[in-house]
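Please treat every number below as a calculation from the coordinates, not as lab data. Quick caveat, the model's predicted, so the values are computed rather than measured. Don't worry about glycine lacking a Cβ; one is built from the backbone with ideal geometry, like all the others, and counts go over all protein chains shown.
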Amino acid sequence: MNDFFRLDADSATGIAELVLNRPERMNTMAPAFFPALRDAVQALDDAGATRVLIVRGEGKHFSAGMALDTFAPDGSMQALLDTGSARKRLAFQTQLRRLMACFDAIDAARFPVVCAVQGACVGGALDLAAACDLRVCSADAFFTVQEIHIGMAADLGVLQRLQRLLPQGLARELAYTGDRLGAERALATGFVNAVAADADALLAHARKLAAAIAAKSPLAVAASKVALNHARDHGTAESLEHMTLLQSAVFDIDEMARAIAAWQAKKPATFDPLGEIARP
């Protein structure tokens, strides 16, 4: 258990939901949030039953990002923020890399992650949303690189990921100005896949999207995610070579026969879960 979110998992569908549950604090984050998120995502991946994860927030807003009192002189991040000597700067770099790696766990998970955003998605919350596979939002949603407003460059991945998800000029405009990206423009530029009328419609849409993914072969979905991630970070020729090796590793004629039979019969297919990852 932790103070920032809860996990709801449906073993029948393979759909899990990570729910930010501090609406009275606008679902703000603190340093302990990041390893808790990492551990939760990795535990779902290790168990091998999850086919899709929805990340959402309770209340009016998805998340206002890092709580500002974290940066106060007596805040909980002072040990991390102290860069007064060479040794402390080296420690700062190591700790920052570890924080970054917490969102990398979303990328590394074998299942897709759908982020459902209502209201504010700012600062560290935008880092989180950008790390997910898909984003959907409500009509009142907005996205902000909040860090520029408090005199720092965003450093948990949003600057690196945002320019892959938005036109370069728009990503830089948001990074330099901290202006809000509203739901309508987020949809028009492809940052989100859909805009729902309100929070209830958003949750229904996110669950429908997750169900559509969960109905497919989890082996094929996981392989597709690996291929897409590799191609995002490498050139076409290298990615095609990677695909030949990946396909030889995951090609399963029995899985395909099951999918084809279900598709022809216009009935849901039954697929085995990916299975547990054994830890030494």
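Points to keep in mind about this one:
- Cα-centre dipole for the stretch 218-265 with unit charges at Cβ (Lys and Arg positive, Asp and Glu negative), debye to 20: 160
- Shown for ARG98, ARG51, ARG110: other C-beta atoms within 10 Å of each C-beta, ranked fewest to most, produce the order ARG98, ARG110, ARG51.
- Structure-based [θ]222 nm, the chain - -39500 (n - 2.57) summed over DSSP H runs of at least 4, per residue, nearest 500: -15000 deg cm²/dmol
- The chain: Cα Rg divided by the 2.2 N^0.38 Å rule of thumb: 1.05
- Cα gyration tensor, the stretch 17-109 - rounded (a/c under 1.5), prolate or oblate: oblate
- In degrees, nearest ten, helix 33-47 long axis to first principal axis of the chain (Cα): 10
- Farthest toward positive dipole pole in the chain [+1 Lys/Arg, -1 Asp/Glu at C-beta], among ASN2, LEU68, CYS137: CYS137
- For the stretch 113-241, the square roots of the Cα gyration tensor eigenvalues, ordered a ≥ b ≥ c, give a/c of at least 1.5 with a/b no greater than b/c, which places it in the oblate category.
- Over the C-alpha trace of the stretch 59-153, radius of gyration and Dmax come out as 15.3, 47 angstrom.
- Segment ARG185-ALA47, extension gain: residue separation times 0.36 nm, minus the distance between their alpha carbons: 45.9 nm
- For LYS266, the lysines whose Cα falls under 23 Å of its own Cα, not counting residues fewer than eight places away in the same chain, are LYS208, LYS216.
- Stretching the chain fully between ALA265 and PHE92 yields a gain of 56.5 nm (0.36 nm per residue, less the alpha carbon separation).
- Sorting VAL122, VAL226 by the number of Cβ atoms found within 10 Å of their own Cβ, with the fewest placed first, yields VAL226, VAL122.
- Note on the chain: GNM, Cα springs under 10 Å; of ALA197, ALA67, ALA139, the largest mean-square fluctuation is that of ALA197.
- Pairwise Cα distances in the stretch 218-265 exceed 13 Å in 59 percent of cases.
- Taking LEU37, LEU80, LEU174 as the candidate residues, the one with maximal mean-square fluctuation in a Gaussian network model of the chain, Cα springs under 10 Å, is LEU80.
- Measure of compaction for the stretch 1-63 (Cα Rg per 2.2 N^0.38 Å): 1.12
- Simple label model, 7 Å out from Cα along Cβ direction - LEU81 to ALA220, nm: 5.0
- Proxy reagent accessibility, fewest Cβ within 10 Å first, across LYS216, LYS266: LYS266, LYS216
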